[in-house]
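A short reminder: the numbers here are calculations on the coordinates, not readings from a lab. The model shown is predicted, which means the values in this text are computed figures rather than measured ones. Counting neighbours? That spans all protein chains shown, and the Cβs are built from the backbone with ideal geometry, glycine included.
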Amino acid sequence: FFLEMEVEPLPRVQWRTKARIFALLQFFGVCATITTMTIARTSSLTSAPFWQFWRVPQQSAVMSFPVKISPEKSHKLYVFDHCEYCTRARMIYGLKNIAVDIVFVMYDKGQKLIDMAGKRITPILQIESEIKLESLDIVKWVDEEFGAPILLPGSNRTDIAEWLHDTAMLRRKLTRPRFVRHPLPEFTQRSARDEYIFTHPFTAGCARPPTPYSAPAENFNASVDTNTSEVSQNLEDNNESSPQDSEVTTAEAKFSNSTKTTTIPVFDMTNCVEIEPDLDDMKEEYEEKFRQTPQLLRKINSKLKELTKMVFSENHASGHGLSYDDIALFPALRPLSLIKGISLGRKLSTYMYRMSLRSDVPLFHGI
């Protein structure tokens with residue numbers, strides 16, 4: 001470079017200074033090369049681009065887990081992947097490290113469930129010729145049947161229960177349109193997606209959301225003899241068999257010695273126009289809810305900040321350890337991982353990730 005310069009000779013001191021500058025440039029070039037190679041090597045352990053070298057490298061993608069224990073009799077668990085109550089049953093098998101065959105049922109193949117259990121309900125646990133129903137009953141049986149129980153009793157926390165109740169409809173509006181868009185195993189065919197949309201309207205067959213009102217007890221209390229009549233299953237553990245949801249609390253059941261008195265919710269039908277269910281209108285309603293994502297997302301993110309303060313730690317929901325509180329909370333939050341842009345925060349995100357690994361129930365991908 002300097003040889004090509006046609007200039008007058010410079011004093012010896014200036015030539016010496018330029019040589020030093022040239023040597024420094026060579027040194028910095030070598031350092032930059034080594035640094036770039038180091039960053040490229042480090043970034044291969046992360047999912048981040050190599051220029052984001054400040055990110056902490058993740059552990060190896062190949063994680064080792066203990067071999068699952070195979071029970072003497074074959075266990076088959078019939079589930080829907082989107083169903084919260086099915087997630088409960090799947091969790092306990094993962095937490096106890098028990099091998100189970102997960103069978104995903106197509107949503108429009110309800111007759112198969114009816115043939116097995118007498119009604120359309122999930123989850124269904126089949127142990128050879130024996131059938132077990134009810135998610136919490138399955139959880140309790142597996143926990144006590146294989147080794148020492150690992151689940152502590154629930155803490156009867158009203159704060160988390162109220163949060164789940166208050167956000168129920170908001171979560172449905174965000175997750176239901178995504179269930180039929182996501183390649184879930186029960187919705188791989190159009191007929192299954194249409195069946196779900198048709199049986200899960202947001203307005204429950206009414207032109208406008210029904211409004212509950214106070215009525216004398218004698219107008220809607222019904223006593224059902226459990227010895228002669230079959231009492232319908234509690235809606236809390238029968239999400240799939242009772243698609244007509246409402247924004248009011250489900251009926252409260254009071255048990256006596258021989259009868260079961262059920263308080264049936266009553267709605268003000270004065271301004272509610274009965275309409276014939278139309279699949280195209282229901283699909284448009286689902287599309288409308290999907291288009292409302294930005295507004296609904298702001299609401300749920302605000303609610304999630306409140307929930308973060310209620311969760312005890314990144315390992316379990318309540319202070320006394322892994323319990324039935326986690327069996328209720330994780331399945332309710334899992335569908336939210338379908339939503340792109342959801343803001344769980346560091347604490348809830350870590351809780352969901354760790355619980356997913358421990359229970360062997362994967363999270364979804366946001367859309």
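Starting from the Cα of residue 360, step 7 Å along the direction of its Cβ; do the same at residue 17; then give the gap between the two resulting points in nm.
In this crude spin-label approximation the distance works out to 7.3 nm.
Which FRET efficiency value, to the nearest 0.05, do you get for residue 188 and residue 28 by plugging their Cβ-Cβ distance into 1/(1 + (r/R0)^6) with R0 = 51 Å?
Rounded to the nearest 0.05, the efficiency is 0.35.
So what's the stretch 143-203 giving for Cα Rg divided by 2.2 N^0.38 Å, two decimals?
Dividing the Cα Rg of the stretch 143-203 by 2.2 N^0.38 Å gives 1.66.
Return the FRET efficiency for the residue pair residue 99, residue 314: r is the Cβ-Cβ distance, R0 is 35 Å, and the value is rounded to the nearest 0.05.
Given R0 = 35 Å and the Cβ-Cβ separation, E is 0.80.
Quick one: go through the stretch 331-367 and flag any residue whose amide nitrogen is under 14 Å from the point 7 Å out along the Cα-to-Cβ line of residue 181.
Counting backbone N atoms under 14 Å from the label point, the list is 336-342, 365-367.
Amide H of residue 103 versus every other amide H placed in the peptide plane: which residues, excluding those fewer than 5 positions away on the same chain, fall under 5 Å?
77, 78, 79
Looking at the square roots a ≥ b ≥ c of the eigenvalues of the Cα gyration tensor of the stretch 57-201, which shape do they give, rounded for a/c under 1.5, prolate if a/b is larger than b/c, or oblate? Intermediate results must be reported in sequence, preceding the final value.
On the way: a/c = 1.41, a/b = 1.21, b/c = 1.16.
It comes out rounded by the Cα gyration axes.
Counting pairs of Cα atoms in the stretch 314-361, how many percent are more than 16 Å apart?
33
Could you derive backbone 3J(HN,Hα) for the stretch 75-81 from the dihedral phi with the Karplus parameters 6.51, -1.76 and 1.60 (θ = phi - 60°), listing whole Hz in sequence and x where the residue is Gly or Pro?
10, 10, 10, 8, 9, 9, 5
Mind listing the phi-derived Karplus ³J(HN,Hα) values for the stretch 324-339, rounded to whole Hz, using 6.51, -1.76 and 1.60 with θ = phi - 60°, and x for any glycine or proline?
5, 5, 6, 5, 8, 7, 4, x, 6, 8, 4, x, 5, 5, 6, 8
Using a cut-off of under 19 Å, list every residue of the stretch 343-362 whose amide N is near the label point 7 Å from the Cα of residue 305 along the Cα-to-beta-carbon line.
Flagged as within label range: 343-350.
Loop only by DSSP, 13 or fewer other Cβ within 10 Å of the Cβ. Give me the trypsin sites (Lys or Arg not before Pro) in the stretch 282-367 that pass, ordered by residue number.
Details: sites: 283, 289, 291, 298, 299, 303, 305, 309, 340, 346, 347, 354, 358; in loops: 340.
Answer by residue number: 340.
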